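The values are calculated or read from the model by the stated rules, or taken from the named source; none is laboratory data. Source: prediction; values computed, not measured. With ideal geometry, Cβ positions are generated from the backbone for all residues, glycine too; neighbour counts draw on all protein chains shown. Just the protein is used for accessible areas: all its heavy atoms, side chains included, with ligands, DNA and RNA removed. Shrake-Rupley method; radii C 1.70, N 1.55, O 1.52, S 1.80 Å.
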Amino acid sequence: MTRVTALDDLPIRDDLRGQKPYWSPQIKPRVQLSVNENTHGIPAEAAADIAAAVTEAITSANRYPDYDFEDVRTAIADYLGHGLTYEQIWVANGSNEVLQQFLQAFGGPGRTAMGFRPSYSMHSILSRGTDTGWIDADRDENFELSAEAAVAAVRQHDPSITFLCTPNNPTGTPMGLEVIEAVYDATDGMVIVDEAYAEFSDLPSAITLLPGRPRLAVSRTLSKAFAFAGVRVGYLVADPAVIDALRLVRLPYHLSSLTQAAALAALRHAPALLSTVDSIKRQRDRTAAALTELGYRVYPSEANFLLVGGIADPPALHAALLERDILIRDNGIPNTLRITAGTPEETDLLLAAFTELGRP
Ligand SMILES: *Cc1c(COP(=O)(O)O)cnc(C)c1O
């Protein structure tokens, strides 16, 4: 198509000029280990039941969906436990939409959000999209974040929203609850903890900190452990007043009836869907041990992926693996690449390729 207009020629918002959209390569290699999906997929029995629920829902798709979806929120509350009720749960099309709604409600022009890099790129991209100023604070050289360092950054910048991510993407680093408590006490802004990978971690969830902390919110997703990335279901857990705030900015009927039906059926099958988690962790740990043995520096991970360091030339290694039909991720962190934990067969292929390519 011949383009007569370039983006720069349009009267776009000044703060969006020169920005880059989210990007990851959309190719289909034999071994796809680049975007932290659940490589093990949905067990067949659960898939059939979810499909039946979606089939049933399509028969009434002439009607708008339930815009408060209390049944989905109740199912999530029951799944999480901790005495939660549906009033403390909000759901949207992926946790990315939840985060966007959170920024619409608590960020916006004249306000700032802060995160600790390297972390999930969408936190800053969504902030910019909602015209919320973005502040980069830093993790230490091991990609860890102490309570002291986090509190110092919060005091210095006084953001309206502080993003914490545990286990952190793209480093896999978990965060102790004491860091979250300290950040909460140091700010009068909102604190959001992105727990997209919580099911892979043995650490207690920030959900346990919610009682008595109305400015704290925890975002989660069915995209990773639940193998539901393609359906787009994410959720937020917080004080009911926070949910009321998100209602002010969400689109009416934002969660389709098909999504609601699929989410409800998936939550009914939670044990089956989550049964892949142990296998994923075994492949992650097997990969970590093998790459450490080969001389790479593998950072500790509580997620379904590994950040691998000690790589002299990450783009060259990335390309060499892609030649072998294996896609991993270059997040631009010097001397590192990120690898999603694969199936046992994918891990065989990955480790064979690494072995063939030799020491870093
Ligand atoms: C993958 C990921 C998400 C998931 O986003 P969805 O919109 O729920 O698919 C959220 N946060 C982090 C840190 C992630 O890595």
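In summary, the chain shows an alpha-carbon radius of gyration equal to 1.01 times the 2.2 N^0.38 Å reference for compact globular proteins.
For the range 209-312, the solvent-accessible area with a 1.4 angstrom probe is 36 square angstrom per residue. Kirkwood radius, the range 5-44, all distinct C-alpha pairs, inverse of mean reciprocal distance: 14.1 Å.
Across the range 196-270, the fraction of Cα-Cα pairs farther apart than 16 Å, rounded to a whole number, is 59%.
The residues neighbouring Tyr86, those whose beta-carbon lies less than 11 Å from its own, together hold a net charge of -4 under the Lys/Arg +1, Asp/Glu -1 convention. Using a simple spin-label model with pseudo-atoms 7 Å out from Cα toward Cβ, Ile27 and Asp78 lie 4.5 nm apart. Computed from the Cα positions only, the extents of the range 299-360 along the three principal axes stand at 29, 27, 18 Å, in decreasing order.
Go ahead and run the numbers for FRET between Val249 and Leu16, Cβ-Cβ distance against an R0 of 22 Å, rounding to 0.05. So, using R0 = 22 Å, E works out to roughly 0.70. Per residue, the accessible area of the range 44-157 comes to 49 Å² when a 1.4 Å probe rolls over the protein heavy atoms. Adding -39500 (n - 2.57) for every DSSP H run of four residues or longer, then dividing by how many residues the chain holds, sets the calculated 222 nm ellipticity at -12000 deg cm²/dmol.
Between the range 99-115 and the range 130-179, the C-alpha centres lie 16 angstrom from each other.
May I ask for the Kirkwood hydrodynamic radius of the range 207-360, worked out over all distinct Cα pairs and given in angstroms to one decimal? Hydrodynamic radius (Kirkwood, Cα only) of the range 207-360 equals 18.3 Å. The C-alpha atoms of the range 99-230 occupy a region whose extents along the principal axes are 38, 33, 33 Å, arranged from largest to smallest.
Among the protein heavy atoms of the chain, carbon and sulfur supply 52% of the accessible surface, probe 1.4 Å, non-protein parts ignored. Within the straight-line cut-off of under 19 Å between alpha carbons, the lysines reachable from Lys28 are Lys224, sequence neighbours fewer than 8 places apart in one chain being disregarded. Restricting the range 146-232 to GluC sites (Glu not before Pro) that sit in a DSSP loop and have at most 15 other Cβ atoms within 10 Å of their own Cβ leaves nothing.
Once the mean of 1/r is taken over each pair of separate Cα atoms and inverted, the range 1-107 shows a Kirkwood hydrodynamic radius of 19.1 Å. Over the range 180-338, what is the percentage of antiparallel beta bridges among all DSSP beta bridges, to the nearest 5? In the range 180-338, DSSP labels about 70 percent of beta bridges as antiparallel.
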